[in-house]
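Everything on this sheet refers to the single structure shown next.
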Amino acid sequence: MEIFRTVQDMQNFATAAIRAGKKVALVPTMGFLHEGHLSLIDIAREHADLVVVSIFVNPTQFAPNEDLDKYPRDFQRDKDLCELRGAAAIFAPEASEMYAENQTTWVYEEKLSTKLCGKSRPIHFRGVCTVVSKLFNIVRPDVAVFGQKDAQQALIIRRMVRDLNFPIEIIVAPLVRDKNNLALSSRNKYLDENQQKDALVLSRSIFAAKEAILSVGIGEIPSICEVVKTEIAKFHGIVDYVECLDSETLEEPTEATKELLLAVAAKFGTTRLIDNILINLE
Ligand code: PAF
C-alpha cells in the first residue's frame, strides 16, 4: 500500500491509474478509523480496482470553538487498518499542503447547507465541499463512498457533484452501529462510561419515533420530535436539533414526500453526536 503526503505524488498515482485503465474509488475520511469507515472501504473495493483512502482532519470545516486540535488521530493504526482492508493507497497531506495561506476560493452549497447541522455550524459545509472538491481533483476517482451517518453531508455532496458536473459516482453506505446501537463515530472516543450509556437514548428514541410516525402519520411529526427532545434531555443530552424532513430536499414533509430523514444532534458533556434514520413512506 502506498502512502502519499503531497498533492503531486497523489496526482501522479491517479494519472498512472487512469492511463492503466484502472477504476479508482475514493473514501474520504478524517482518520481514527472505525468499522463504519472500514465498511466504506469494503464497498469501495466492490466498485473499483483501486481504493484510495484520504486521511485529513480538514481545518476549514471546524469553527474556532470546535474540536480541531483534540480531534482523535492515530495514523499508524489507520494505516494498518487500511492495509488489512485492501486499500491501494492513503493520501494523508498536512494542512499546509492542502491549503495555500492566502486561499480565497471556496465551494459553497447554499440551500441544503443551511438546514440541520448548518444552523449551528454555519461554515462547516463550506469546508466540507471545498475539501471534497479538492480531493476529487487530486485523486480523480470514478467513485467516491460516503457514510449515511453524515446524511446531510452525503446529500450536499451529491448536490455539489450534480451542480458542478464532477464525473464521479457517489455511493452512500449504510450507517454502522455498535452492539448497543450507538452510531459509530470517531468522536465516541471522547465519551466517558456514563455518557456512552446516556448517548444510547439517541438511537433508542429515533427508532421509537420512526414507529410512531409510521403508525400515526406525518401530521404528528412536530409532537413526536418534541417527545424525542424530552427523552434525550432526560439522559443529560443537550439537544441541538431533532428534525424530521423530506430526505431529498430537507424541506418540511408534504403529502408528496416519499421518504423522511429523522435526524438528531445533541451534546453529551462536550461531545456533539449526530444520528439519523430514514423512514420510507411508500
Ligand atoms: O465525513 C468526514 O469525515 C469529513 O467531513 C470528510 C468528508 C472526510 C471531509 O473532510
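Values as computed for the structure displayed
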read-out	value
Residue tally, condition more than 23 Å from P122 (Cα to Cα) and buried (at least 19 other Cβ atoms within 10 Å of the Cβ), over the range 143-167	3
Test for V24: is it touching a residue at least 24 places away in the same chain (Cβ under 8 Å) and within 15 Å of the ligand (Cβ to nearest atom)	no
Residue match in the range 202-213 (condition: of a type in the set (A, V, I, L, M, F, W, C) and within 16 Å of the ligand (Cβ to nearest atom))	no
Residues (of a type in the set (A, V, I, L, M) and free of Cβ contacts under 8 Å to residues at least 40 places away in the same chain) located in the range 29-78	L50, V51, V53, I55, V57, L68
Residue within the range 35-47 that is over 22 Å from the mean Cα position of the chain (by Cα), at pLDDT 95 or above and either surrounded by 13 or more Cβ atoms within 10 Å (Cβ to Cβ) or more than 13 Å from the ligand (Cβ to nearest atom) (or both) present	no
Unique match (being surrounded by 19 or more Cβ atoms within 10 Å (Cβ to Cβ), in contact (Cβ under 8 Å) with a residue 40 or more places away in the chain, more than 25 Å from the chain's Cα centre (by Cα) and in a helix (DSSP H, G or I)) among I224, I213	I213
Exclusive hit being among the aromatic types (F, W, Y) and more than 20 Å from S186 (Cβ to Cβ), set Y71, Y108	Y108
Flag for K119 being at pLDDT 95 or above, out of contact with any helix residue (DSSP H, G or I) (no Cβ under 9 Å at 6 or more places or on another chain) and under 18 Å from L273 (Cα atoms)	yes
Lone unmet requirement of (1) within 11 Å of the ligand (Cβ to nearest atom); (2) surrounded by fewer than 18 Cβ atoms within 10 Å (Cβ to Cβ) for N180	(1)
Out of E109, E97, E193, sole residue that is touching a residue at least 60 places away in the same chain (Cβ under 8 Å) and over 13 Å from the mean Cα position of the chain (by Cα)	E97
Subset of the range 143-173 [away from the ligand (no atom under 15 Å from the Cβ) and outside any strand (DSSP E or B)]	R162, D163, L164, N165, P167
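The values are calculated or read from the model by the stated rules, or taken from the named source; none is laboratory data. All figures in this text were calculated on a predicted structure; none of them were measured in a lab. Virtual Cβ from ideal backbone geometry, glycine too; neighbours counted across all protein chains shown.
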